[in-house]
1. Can you tell me which residues in segment 52-70 are at pLDDT below 85, open to solvent by less than 50 Å² (accessible area, probe 1.4 Å) and within 16 Å of R14 (Cα to Cα)?
2. Any residue in segment 193-202 that is open to solvent by less than 70 Å² (accessible area, probe 1.4 Å), among the β-branched types (V, I, T) and closer than 25 Å to L120 by Cβ?
3. Quick one: which of V154, V222 is in contact with a Ser or Thr (Cβ under 7 Å, 6 or more places away or on another chain), over 20 Å from H99 (Cα atoms), of a type in the set (A, V, I, L, M) and modelled with pLDDT of 95 or more?
4. Can you name the residue in segment 218-247 that is over 30 Å from L58 (Cα atoms) and acidic (D, E) and is also least open to solvent (accessible area, probe 1.4 Å) among such residues?
5. Being in contact (Cβ under 8 Å) with a residue 40 or more places away in the chain, open to solvent by 50 Å² or more (accessible area, probe 1.4 Å) and within 25 Å of R233 (Cα to Cα) is the requirement here; does P35 meet it?
6. Checking T213 against (1) out of contact with any helix residue (DSSP H, G or I) (no Cβ under 8 Å at 6 or more places or on another chain); (2) part of a strand (DSSP E or B); (3) of a type in the set (S, T, N, Q), which single condition isn't satisfied?
7. Just one of S227, S238, S164 is touching a residue at least 12 places away in the same chain (Cβ under 8 Å), assigned to a loop (DSSP other than H, G, I, E, B) and among the small types (G, A, S); which is it?
8. A205 - would you say it is open to solvent by 60 Å² or more (accessible area, probe 1.4 Å) and among the aliphatic types (A, V, I, L, M)?
Amino acid sequence: MSTSALNARAGLKRDRVRDYLLDLIGDKRPGEAIPSERDLCRELGVSRPTLRAAIDDLERQGMLVREHGRGTFIGPRKVTQQLAATATSSFYAPPADGHWLSRVLEFESAPAGARLAHRLQVSPADPVLRVVRLRVVDDEPMAIERIHLPHALVSGLTPPDMESGSFYQLLRARFGVDVRTAIQTIEPTVTDETEADLLGVPQYAPALLFERTTRDAAGRVVELTRSIYRGDRYRITSELHFDADSG
């Protein structure tokens, strides 16, 4: 049998083992142990290296957790943000899972400068409020948000205002800023040293980079946000609608 055929066969075995482990994960609660490697190899009829390759893959994704001398356990559940398409093909973003709080790391105002002025559609001399906060879900660090706001829109905003509750609801209720639309991009990245320390993950851990430009009902840019979310604990799900022209 050729080398390529052997590699393909080994890959299919790993896929079968991975599918079995995913079913096992779906049937158990976070923190529960999975069977020993010896028992799994016997159950699946595969070698220890094949099994370990599949477990390593799921461990990197945060779905399994190895504890030396104790075994392998189901990882903590992922926080899910669901996006649902509307009739206009835009997306509605309901609140994500879990109880969210924030720790404000930076809160300062400074002139916008040329780059921010262009993106926020303000004068370079206009003050812009920069807020950096660590987002915590169910007592676990989940994301780092770097937010820029035209200071004139949020005069009187204080750090405690950014620690709990919905920020967009606060903008509507206190400042009369009716947030309506946003352009958001999501792409894979890895954590740098500072981000890894704040999020409690290894340096260069997989992460998701969100960049969002938000506008109010009048079309004004009211927010620029750049956020880093843990790749092992956060996921996006989307509801899709298809028509006759869909691919």
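1. Once the filter is applied, which keeps residues that are at pLDDT below 85, open to solvent by less than 50 Å² (accessible area, probe 1.4 Å) and within 16 Å of R14 (Cα to Cα), segment 52-70 yields only D57.
2. Taking segment 193-202 first, the residues open to solvent by less than 70 Å² (accessible area, probe 1.4 Å) are 195-196, 198-201.
Okay, now just the ones that are also among the β-branched types (V, I, T), so 201.
This time we only want the ones that are closer than 25 Å to L120 by Cβ, so: none.
No, segment 193-202 contains no residue that is open to solvent by less than 70 Å² (accessible area, probe 1.4 Å), among the β-branched types (V, I, T) and closer than 25 Å to L120 by Cβ.
3. That would be V222, the only listed residue that is in contact with a Ser or Thr (Cβ under 7 Å, 6 or more places away or on another chain), over 20 Å from H99 (Cα atoms), of a type in the set (A, V, I, L, M) and modelled with pLDDT of 95 or more.
4. Of everything passing the filter in segment 218-247, E223 is least open to solvent (accessible area, probe 1.4 Å).
5. Numbers: in contact (Cβ under 8 Å) with a residue 40 or more places away in the chain: no; open to solvent by 50 Å² or more (accessible area, probe 1.4 Å): yes; within 25 Å of R233 (Cα to Cα): yes.
It is false that P35 is in contact (Cβ under 8 Å) with a residue 40 or more places away in the chain, open to solvent by 50 Å² or more (accessible area, probe 1.4 Å) and within 25 Å of R233 (Cα to Cα).
6. Every listed condition holds for T213 apart from (1).
7. S164
8. So A205 does not fit the description; no.
The values are calculated or read from the model by the stated rules, or taken from the named source; none is laboratory data. Just so we're clear, the structure is a prediction, and the values are computed from it rather than from any experiment. Please note: Cβ atoms are built from the backbone with ideal geometry, for glycine as well, and neighbour counts cover all protein chains shown. We work out accessible area using only protein heavy atoms, side chains counted, and drop any ligands, DNA or RNA first. Shrake-Rupley method; radii C 1.70, N 1.55, O 1.52, S 1.80 Å.
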